[in-house]
Amino acid sequence: IQSFFNSSRSNQTLLSALNEEKVVLFLHLLGIDTNGHAHRPNSREYQENIKQVDEGVKEIASLIDNFYGNDGKTAFILTSDHGMTDWGSHGAGHPSETLTPLIVWGAGVNYPQKVTSQVFEDNFLKEWKLENLKRLDVNQADIAPLMASLIGVPFPLNSVGTLPLDYLNTSALFKAESMFTNAVQILEQFKVKMSQKKETTLSFLFTPFKPLSASEQINLLKKIRLYIQQQKYNEAVSLCKTLINLALEGLSYYHTYDRLFLGLSIAMSFVGWTTYVILVIIKAHTNLTKSVPTNKKKSTVLFYGFASAGMIIAFFLLIQACPWTYYIYCLLPVPVWYAVVKEIPVIQDLATNVLSLHIGQSIGFLLVCILGIEILVFSFFYRSALTVGLLIFAGWPVITQLWIQVKTKAMIWTLLCVLLAIFPLMPVVGREPNIPLVIAAGLLTLLVSFFSLASLCKSENKYRANEDLKVYFYQMFCVALSTYVVSSTHNSLKIKQGLPVMNQIISWMMLVSSPVLLLLSPTFLFERLFSILLSLMSTYLLLSTGYEALFPLALFGLMFMWINMEQEALQHYGLSLKPKLAVFDFTCAMDITQFRQLHLDDVRRSFFFVFFIVTAFFGTGNIASINSFDPASVYCFLTVFSPFMMGGLLLLKVAIPFVLVSCAFEAVQVTTQLSSKSLFLIVLVISDIMALHFFFLVKDYGSWLDIGTSISHYVLVMSLTIFMMVMNGLAQLLTTQRLGLPRRTKHHST
C-alpha cells in the first residue's frame, strides 16, 4: 500500500485518479482467515496475527490521511465477511460465524453514542469493555447503501440493504431524503419483478401481491413526500422502512411465485415413479400377482389420452413463454403416470391378494416401513435418530424369535448394535483432536487381528495355504506402522517441528500398498473380509484425529454379525438351506437360476443396508457440510494448504466405512441368493420416498449451512441408488478378485 501511494508521485494518471471525488479503496486482509484455518482462533499465532493486522490498519489509516493532507474527507469502514468457530471452520449458523464486526469512522460518520444500558444475547460488549457505547447492529447487505451514502453515489441497482441512519452524521433532511431514495430503489426492483411475472402469466391466472398494490404504492410515496415537506422527518423515515419491508416481501413473493405449481408437478413425478418401481418389483420379483393379458384397445385409448394431456400442458406453457426447465418439470408426470395406469390389472390383482391376507399384518408392515423411513429422514438432521434405529435393531432377534435358535449370536448382535449406537451421540469429529484414542484403535485392531488369526489357524480348511497367512502379517505390520506414524506426526506438529519427511513417505506408501495387499489375500468369505478391514484400517488410522478411529472397528464387528444373522434368518423363514460360511468362496460364480423370488424379509434386508449406509455417512459427523471437516485429518500426508488434495483425502476417509458396509452386504447378497437387481429396486423406492421429503425441505434462506445442507441432503438421497451401485461394483472387485504371485516350487532330489 505504501509503494502504491509512493508510485502515484511519478504516475500522473494514478495521481489524478486518486484525487478525484467519490473514490473507493478496497483492502482485503486475507491473512487472518488463512491463519485461523491453519492454527485455530485461540492459538498464539492467530493472536499475534490479529495484533499485526490491528497495527497495520492504524498505519494504513494514517497513510491515507497524510496522502490527502488530513482534509477530513475520508470515511473508513472495517468489517468482515464471516467469523469462525473455535476449531477454525465457518459456514454454519453459529453466532461465532455469522456475527462480524462493523467499525465506521471518518467523514460523514456519527460519533459514538453513550448509553447507560443495552441488552444483547452475546457478551461481546462486556468482553470488549464497551457497555457504555451504543452498539448498532445491521445486516451485511446494509453496508452497500451505507458506503453509497457516505460518498454520494446512487444505491447499487440490485441492493436489498436498508440504509443504517444511525451511522450517519448528517441533517435530518438528508437522512429522510436518503431513506426515500432507498425505498424507491427497492420498490423499482419489486415493480420490475412483478411486470416480468405478469408478462409470462395468463391474465386470469395472475395473482398480484395485494399488500403492495399500485394504489398502495402511490399512497405510501405521497405520504412520505408530504411528511418530508412538513419536516416530519422521523415519520417519513418510519414510513420508508415500512415500504422497504413490503417491497422486500413482494420481491420474495414474485421470486417464488411458481414454487407451489412446480413443486406439485415434481411431487407427482416422484409418487408416480415410486409407484411404478413398486409395481415392477411385484411383477418381476415376487409371486404376489399372476401374469395378466394386455388389452390392446384399452392401451391405445390410454396412450392417446395421456398424449393429449401432454400436448395441452405443452401448449399452456408455450403461450406463457415459460423457461425450458418448466417443460421438464410439468411434462415428466405424463409418461410416468401412463406407465402406472397401464398396470391397472396388476394393481387390481395385487389388491385382491392383499385383501385375502391378514389385514392387521399388512397395516403393521406398512407402519413399520413408514417408521423406518422417517427415522432415516430424521437422522439427516439429528444424528441421535441413528441411535434410536440401532437400538431397535438390537431388539430385532427378540421381536422375530431368532434368538431362540441362536442365543450367543443374538446376544453379540445386540451388544454390537448398542456399541455402535454410542457413536451418533458423540460430538462431530474434528473439534477436539484426541490422538490417544487413535492409538487405542490401532492397538485394538492388532488385538482383534491376533485372535482372528489364531482362530483361522485352528480351523481346518483344506483349500487354505499357509503362505496366505503371511499377507495378514504384512497387513498387521501396516496397522502397527500407521499407529506409530499418527502418534509421531502429531507429536512433531505439537512441538512446531512440522511433518517429518519419513512419516510423509510412509503414509503415501501405505495408501498405495493397502489395496494391493488386500487383493493378495484368499477369497474365502471371512478371510477376505478380515483382510479388507486390515487394509482399510491402516489408511483410516492415518486420516483420524479422535474417536472416529474406533468407528470402522465397531461397524465391521456389526457387519460380521449381520452376515451370520442373515443366514439364521434365512433358515428361520425356511427360504434356503444354510450354506457353510467358513468355506464359502466369493469367486464361486453364482448361477442366475439360483436367485430366488423376493420375500417380505428381503425388504427388511434392503432397509438394513440403506440404514447402515446412512450410519456410515453420519455416524461420526455430518458430511453434508464442509464445516464438519478438519484439515488436521490429513496432516500425516501433507501440511501445506492444498484444497483439492485435502478434499480427495477427506473423501477417501468418508468412503472407507461405506466400503465396509458394501462388502458385508455383498456377502449377505451372495449367501442369501438375493438378486442385486431386485435389491436395488427396493433401495430405489426407499431413496425416492426419502428424496420427496428432502425436496420439500430445501431452503433458500438462512445461513450457508442451512441452505447448503438442505440441498446436499436432497442431492445425497437422489444419488443414493447410483452411489450404492458404484459401491456394489467396488465391493464385488474387492471380494472376488485376487492377484496371483509366483509361488516358490519345492524340488525333490532323486
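Using a 1.4 angstrom probe on the protein heavy atoms only, could you order Trp337, Trp324 from most to least accessible area?
Trp324, Trp337
Which value at 222 nm does the chain reach when only helices count, each DSSP H run of 4 or more adding -39,500 (n - 2.57), with the total divided by all residues and rounded to the nearest 500 deg cm²/dmol?
Value at 222 nm, helices only, nearest 500: -21000 deg cm²/dmol.
Give the residue list of GluC sites (Glu not before Pro) in segment 10-117 that are DSSP loop and have at most 15 other beta-carbon atoms within 10 angstrom.
Answer by residue number: Glu20, Glu21.
Cα centroid distance between segment 51-84 and segment 2-48, in Å?
With segment 51-84 and segment 2-48 each reduced to a Cα centre, they are spaced 9 Å.
Where in segment 371-462 are there chymotrypsin sites (Phe, Trp or Tyr not before Pro) that are in a DSSP coil and have at most 16 other Cβ atoms within 10 angstrom of their Cβ?
Taking segment 371-462 and a limit of 16 other Cβ atoms within 10 Å, the loop chymotrypsin sites (Phe, Trp or Tyr not before Pro) found are Phe381, Tyr382.
Ranked from the most accessible area to the least, with a 1.4 Å probe and all protein chains present, what is the order of Met84, Met502, Met194?
Sorted descending by solvent-accessible area, the residues read Met502, Met194, Met84.
Give the long-range amide H neighbours of Ala75: residues separated by 5 or more places, or on another chain, with amide H under 5 Å away, using H modelled in the peptide plane at 1.01 Å from N.
Close amide H contacts, sequence-distant or interchain: Ala107.
Is the shape of segment 106-240 rounded, prolate or oblate, going by the alpha carbon gyration tensor and its root eigenvalues a ≥ b ≥ c, with a/c under 1.5 for rounded and a/b larger than b/c for prolate?
Cα axes put segment 106-240 in the prolate bin.
Ranked from the most accessible area to the least, with a 1.4 Å probe and all protein chains present, what is the order of Leu730, Leu163?
The residues order as Leu730, Leu163, largest area first.
On the protein heavy atoms, probe 1.4 angstrom, tell me the percent of accessible surface of the chain carried by carbon and sulfur.
65
Need the C-alpha centroid separation for segment 369-411 versus segment 217-276, integer Å.
47
Listed here are the pairs Lys129/Lys496; Lys197/Lys298; Lys223/Lys699; Lys198/Lys699; which of them are more than 32 Å apart at the Cα?
Details: Lys129/Lys496 34 Å; Lys197/Lys298 41 Å; Lys223/Lys699 37 Å; Lys198/Lys699 25 Å.
Result: Lys129/Lys496; Lys197/Lys298; Lys223/Lys699 exceed 32 Å.
Please give the net charge around Ile224, taking every other residue with its beta carbon less than 12 angstrom from that of Ile224, where Lys and Arg add +1 and Asp and Glu add -1. Spell out each step's value before the answer.
Values: positive: Lys222, Lys223, Arg225, Lys232, Lys241; negative: Glu177, Glu235.
Value of the local net charge: +3.
Determine the per residue accessible area of the chain with all protein chains present and a 1.4 angstrom probe, expressed in square angstrom.
Here the per-residue accessible area is 54 Å².
By how many degrees, between 0 and 90 and to the nearest 10, does the Cα long axis of helix 296-319 differ from the longest principal axis of the chain?
20
With axes computed from alpha carbons, what is the tilt in degrees of helix 468-494 against the longest principal axis of the chain, rounded to the nearest 10 within 0 to 90?
Compared with the principal axis, the helix lies near 20 degrees.
To test your reading of the geometry: what angle, between 0 and 90 degrees and rounded to tens, separates the Cα axis of helix 344-356 from the longest principal axis of the chain?
70
Between rounded, prolate and oblate, where does segment 260-356 land on the alpha carbon gyration tensor, with a ≥ b ≥ c its root eigenvalues, rounded for a/c under 1.5, else prolate if a/b exceeds b/c?
Note, shape of segment 260-356 comes out prolate.
Would you please classify the overall shape of the chain from the alpha carbon gyration tensor, given that a ≥ b ≥ c denote the square roots of the eigenvalues, rounded means a/c under 1.5, and beyond that prolate means a/b larger than b/c while oblate covers the rest?
oblate
Compute the distance from the alpha-carbon center of segment 138-189 to that of segment 107-127, in whole Å.
Rounded to whole Å, the Cα centres lie 22 Å apart.
The values are calculated or read from the model by the stated rules, or taken from the named source; none is laboratory data. No experiment lies behind these values; they were computed from the predicted model shown. Virtual Cβ from ideal backbone geometry, glycine too; neighbours counted across all protein chains shown. These accessible areas exclude ligands, DNA and RNA; they are computed on the full protein's heavy atoms, side chains included. Shrake-Rupley method; radii C 1.70, N 1.55, O 1.52, S 1.80 Å.
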